[in-house]
Amino acid sequence: KTKACLAMADALCQRRGLGLRATVTLGLRSLTLQTGDAYRETLGLGRDHLSVLIGSRAVSTLHAAARDEDAAKDDLYETDTDDFWKNGRNGLPPLIVGEFSGKNGKDDAAYLLAPILVATMDQVIKAADLRKASWMKPMLRLASGPLIIDEIDNYDLADMVPVLRLVYFAGLLGQDVICSTATLYPAVADAIVRAYRAGCERFHGMTGKHGPSHRIGFFSDVPNQSLWVDADADPFSAYRDFCRNAKEVSEDKRRLLALLPEYGSEAQALDDLGSQIEGLHEQNAWEASIGGRLSVGMVRFAHVRDVTKAASILAKHASEKVELAIVPYHSKNFMLSRAYIEYRLDRLLQRGSDQEAPLRDPA
């Protein structure tokens, strides 16, 4: 999805006779940094093409330090934007340079001028809040190219309102929107399309254009399952039919999960975690060349107190089938500890075509 969205954005820009320019937004800092790495490594994008912004220099520094273990201090992983700013070709237009000439002018230039901006949602969502003066810079960014929203269904109901407002403003500015997710509910898809449709209609009203104001497409990696939908079609029904058709064609189950059944008490649920994990291990594990079978899994809880209880119980879980290595992970971890865990998991889970890659990780 990461590469496909950028390819779609490139096609949309080419349709207008322009070079690639896009804004990619994500909900989590770690995913934002990993996406920036993916673009650099798989697409070969340099610092004059790509800017990564998460709003936390400490997290960026830790991420860069972890990457330097393998990159031998490759300057690609430095997170500031000095090189981009020092390039003589990159300067803000005289019309707006007065607005962004303060102490952050250097970062403002990288934010606005980089062809591809990968940022956390909070760095772009301000464009949808005109009550504060900080809307101007993200609005200029939003007006200049397609908007890509990664995992849009991860936002809760309260956060979805400003996200939909951002989608509306993208339509109002005449820009395309790409929403990337594999788990989008039809009701959320319907809300996204209606917000974008409302913005596009007002954009066409302002510009005096006639005919359909926009097009809607649903895209899948399943061959021949992507489709365009009429602008006046019911988005809820269209998306539901698209999901049904894709499900009937695709038999490839890439990940398997277990939803715990209803238990009489919390203690029963926690006691059963070990056997549930053993079952998932049997379904997901791969054969290791050194012998044995390996798997990496996640048990998810809503509250940190439940994570603490589960980790304590699993640490005592006795089994002849599996040996558990437990790594509790939560936003309440110290930043340094969390960055280390993220780096190790990133190495472990991004195997690509090399199934043996985890065996070469010393951890």
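Report, in cubic angstrom per residue, the convex hull volume of the C-alpha atoms of the range 140-217.
Hull volume normalised by residue count: 91 Å³.
For Met335, tell me the accessible area in Å² from a 1.4 Å probe, rounded to the nearest 10.
80
Treating the range 119-166 as a set of equal point scatterers at the Cα positions, no solvent, please give the Debye-formula log₁₀ I(q)/I(0) at q = 0.22, 0.26 Å⁻¹.
Evaluating at q = 0.22, 0.26 Å⁻¹ gives log10 I(q)/I(0) of -0.79, -1.05.
Calculate one ³J(HN,Hα) per residue across the range 335-341 by plugging θ = phi - 60° into the Karplus curve 6.51 cos²θ - 1.76 cosθ + 1.60, and present them in order as whole Hz with x for glycine and proline.
Values, residue by residue: 4, 5, 5, 5, 5, 5, 4 Hz.
Could you report the range 252-363's accessible area per residue, 1.4 Å probe, as an integer in Å²?
Heavy-atom SASA per residue in the range 252-363 reads 76 Å².
Return the FRET efficiency for the residue pair Ala143, Arg360: r is the Cβ-Cβ distance, R0 is 41 Å, and the value is rounded to the nearest 0.05.
Result of the calculation: an efficiency of 0.35.
Using only the C-alpha atoms of the range 246-339, find the volume of their convex hull and express it per residue in Å³.
About 169 Å³ per residue, rounded to a whole number.
Multiply the residue gap between Lys321 and Leu345 by 0.36 nm, knock off their C-alpha separation, and tell me the result in nm, one decimal place.
6.3 nm
Which order do you get for Ile341, Ile290 if you rank them by accessible area with a 1.4 Å probe, largest at the top?
My answer, sorted largest first, is Ile290, Ile341.
Can you pull a Stokes-Einstein diffusion coefficient for the range 179-224 at 10 °C (1.306 mPa s), Rh from Kirkwood over Cα pairs, as a whole number of µm²/s?
Estimated diffusion coefficient is 128 µm²/s.
For the range 183-192, take each phi angle, set θ = phi - 60°, evaluate the Karplus expression 6.51 cos²θ - 1.76 cosθ + 1.60, and give the result in whole Hz per residue in order, putting x for glycine and proline.
Those phi angles translate into 9, 7, 6, x, 5, 6, 4, 4, 5, 4 Hz.
Nearest 0.05, what FRET efficiency do Arg16 and Glu262 give at R0 = 51 Å with Cβ-Cβ as r?
0.45
If each Cα of the range 1-49 is one equal point scatterer, what is log10 of I(q)/I(0) from the Debye formula at q = 0.16, 0.22, 0.33 Å⁻¹?
-0.48, -0.86, -1.28
If you count only protein heavy atoms and use a 1.4 Å probe, how large is the accessible surface of Val161, to the nearest 10 Å²?
Using a 1.4 Å probe on the heavy atoms, I get roughly 80 Å².
Report the per residue volume, in Å³, of the convex hull enclosing the C-alpha atoms of the range 272-315.
83
Just to make sure I understand: if all protein chains stay in place, what is the order of His303, His330 by accessible area at 1.4 Å, largest first?
Accessible-area ranking of His303, His330, largest first: His303, His330.
With a point put 7 Å past each Cα toward its Cβ, work out how far Ser337 is from Asn245 in nm, to one decimal.
My value for the distance between the label points is 5.0 nm.
Within 10 Å of each candidate Cβ there may be at most 16 other Cβ atoms; applying that plus a DSSP loop requirement, which trypsin sites (Lys or Arg not before Pro) in the range 278-346 survive?
Arg300, Lys316, Lys321, Lys332
Please work out how much accessible surface Thr183 shows to a 1.4 Å probe, ignoring ligands, DNA and RNA, in Å² rounded to 10.
About 90 Å², rounded to the nearest 10.
The values are calculated or read from the model by the stated rules, or taken from the named source; none is laboratory data. Being a predicted model, the structure only gives us computed values, none of them experimental. Every residue, glycine among them, receives a Cβ derived from its backbone with ideal geometry; neighbour counts consider all protein chains shown. Accessible surface is based on the protein model in full, side chains and every heavy atom, while ligands, DNA and RNA are left aside. Shrake-Rupley method; radii C 1.70, N 1.55, O 1.52, S 1.80 Å.
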